[in-house]
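Okay, structure first, notes after.
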Amino acid sequence: MNTNLKVKEMKPWSKVEGGSVSTPIGFSAGGLHCGIKRKRKDLGWIYCSVPANSTAVYTTNLFQAAPLKVTKESIGSNGKLQGIIVNSGNANSCTGDEGLQHAYMMRSAFAKQTGLEEQDVAVVSTGVIGEQLPINKILNGIEKVSGLEEDNKASEFEEAILTTDTFTKNECLQINLKDKIITIAGAAKGSGMIHPNMATMLGFITTDVHIEQGALEKALKSVTDQTFNMITVDGDTSTNDMVITMASGLAHNELLQEDDPEYPLFVEGLQEVALSLAKQIARDGEGATKLIEVTVEGSLTEQDAQRISKTIVGSSLVKTAIFGEDANWGRIVSAVGYSGIHLDPNSISVSIGPIKVVENGLPYGFSEEEAKSYLSNEEIKIFVHIGAGKEKATAWGCDLSYDYVRINASYRT
């Protein structure tokens, strides 16, 4: 564990500045360039010194890539993982039996290199769909994996998992749980093909908490619904992506179970890490210049608020208006109207940041100059009140710029 870290006090957790997926006790990580991409690192790994209770959530796309099948098999064997091997630049998706065999070869090679059992290794790939992996380059790269007990290479792992991302994404915090200091950390990638319901992103969360596997699984699913499933960049859902959580248990706290009074505290910490990663992904949308946060209040159910907020933040017209710094509130109420949620249009109020633009379904006088000034910020908040109940939800996304088209028009070539 890295001891040269600065801790920023917060409640009920403490953010660890400079922390990473290798900060929780028992974990190390690294990355290298094996030749899939021209220059950037493209092969990364996470290693745990002991078998860790593990769980994952997966993309909802019906075309699920070969690595997902192998990872599901690994976790499904005994609910534990000790290593994760990741390649970027090639998704190993829609590659048939050959692609599946390549995923198994990656698992086998990493297990051999690290002295692990094959079923304790997860395999992850991200990148271009429909091309076979350059498997020999990957296998040669795996043979160079070293430094498994070191914790100073997490930044190389964070770089190795990226595709069109413009920056690495990480978070780390600590909680006092059952008189033990528990660390929860995460790394992620995601920039394009981002849409709610666990799609087109990779998330890796490590923790040293001693927790029952079923409790960990329940926590991750609950947290995912509030964080990763509430972001969208472009409405596309990928074939590969997942969030994996590993718990080493090396904090040696008393076993944490669902009915434990301190279980909600762990879930809250896990959610804070996941939310930070999710917002970083939304901010790094391909070509994005602004992070958009949409909060919907006053709905009958939380699910209604989630659907409306995701519809607004996913609207191409809303996204382009934000990019153009145009307070075109008509696009917001239009998205509310086609969200599929029954509501009274006469009870809706809308604010763009601190500026109210709609009240009781009618235009509310505001200064266009003030609105444009607010929309020049890099983080934009939209508030919608439905007036039907007491539930609320928040979704995150980004604006839609000229660069999004440029990036995706030439992604494969």
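The values are calculated or read from the model by the stated rules, or taken from the named source; none is laboratory data. What you are looking at is a predicted structure, and each value in this text was computed from that prediction instead of being measured. Neighbour counts run over all protein chains shown; Cβ positions are idealised from the backbone, glycine included. With ligands, DNA and RNA removed, areas are computed over all heavy atoms of the protein, side chains included. Shrake-Rupley method; radii C 1.70, N 1.55, O 1.52, S 1.80 Å.
Quick one: which of Thr245, Thr301 is within 20 Å of the chain's Cα centre (by Cα) and more than 30 Å from Val405 (Cβ to Cβ)?
Going through Thr245, Thr301 in turn, just one is within 20 Å of the chain's Cα centre (by Cα) and more than 30 Å from Val405 (Cβ to Cβ): Thr245.
Looking at the structure I just gave you, is Ser125 without any contact (Cβ under 8 Å) to a residue 12 or more places away in the chain, under 27 Å from Thr207 (Cα atoms) and open to solvent by less than 60 Å² (accessible area, probe 1.4 Å)?
no
Just the residues that are in a strand (DSSP E or B) and under 11 Å from Leu43 (Cα atoms), please, taken from region 139-178. I'd like the intermediate steps shown before the answer.
Filtering region 139-178 down to residues in a strand (DSSP E or B) leaves 169-177.
The answer is none; no residue qualifies.
I'd like the residue in region 240-274 that is open to solvent by 30 Å² or more (accessible area, probe 1.4 Å), part of a loop (DSSP other than H, G, I, E, B) and hydrophobic (A, V, I, L, M, F, W, C) and, out of all such residues, is nearest to Asp165 (Cα to Cα).
Taking the candidates together, the pick is Leu250.
Among residues belonging to region 26-67 that are over 16 Å from Val86 (Cα atoms) and hydroxyl-bearing (Ser, Thr, Tyr), point out the one that is farthest from the chain's Cα centre (by Cα).
Ser49
Any residue in region 244-267 that is closer than 29 Å to Ile312 by Cβ and modelled with pLDDT of 95 or more? I'd like the intermediate steps shown before the answer.
Keep residues of region 244-267 that are closer than 29 Å to Ile312 by Cβ, which gives 267.
Going one step further and asking which of them are modelled with pLDDT of 95 or more, we end up with 267.
Yes, that holds for at least one residue.
Go through the residues of region 110-122 one by one and say whether even a single one is β-branched (Val, Ile, Thr) and within 19 Å of Gly35 (Cα to Cα).
no
Are any of the residues in region 350-359 under 21 Å from Ile281 (Cα atoms), within 27 Å of the chain's Cα centre (by Cα), in contact (Cβ under 8 Å) with a residue 24 or more places away in the chain and surrounded by fewer than 21 Cβ atoms within 10 Å (Cβ to Cβ)?
no
For Leu277, indicate whether it is touching a Lys or Arg at 6+ places or on another chain (Cβ under 8 Å), without any contact (Cβ under 8 Å) to a residue 24 or more places away in the chain and in a helix (DSSP H, G or I).
no
Mind checking whether some residue in region 300-322 is touching a strand residue (DSSP E or B) at 6+ places or on another chain (Cβ under 6 Å) and charged (D, E, K, R)?
yes
I'm checking my understanding of the structure. Among residues of region 93-111 that are open to solvent by less than 10 Å² (accessible area, probe 1.4 Å) and in contact (Cβ under 8 Å) with a residue 60 or more places away in the chain, which one is farthest from Ala160 (Cα to Cα)?
Ser93
Can you find, within region 360-394, the residue that is least open to solvent (accessible area, probe 1.4 Å) among those that are over 21 Å from Lys279 (Cβ atoms) and polar (S, T, N, Q)?
Ser367
Have a look at Ala288, Ala321 and point out the one that is touching a residue at least 24 places away in the same chain (Cβ under 8 Å), of a type outside the set (Val, Ile, Thr) and either surrounded by 19 or more Cβ atoms within 10 Å (Cβ to Cβ) or in contact with a helix residue (DSSP H, G or I) (Cβ under 7 Å, 6 or more places away or on another chain) (or both).
Ala288
Does at least one position in region 324-337 carry a residue that is open to solvent by 50 Å² or more (accessible area, probe 1.4 Å), aromatic (Phe, Trp, Tyr) and modelled with pLDDT under 95?
no
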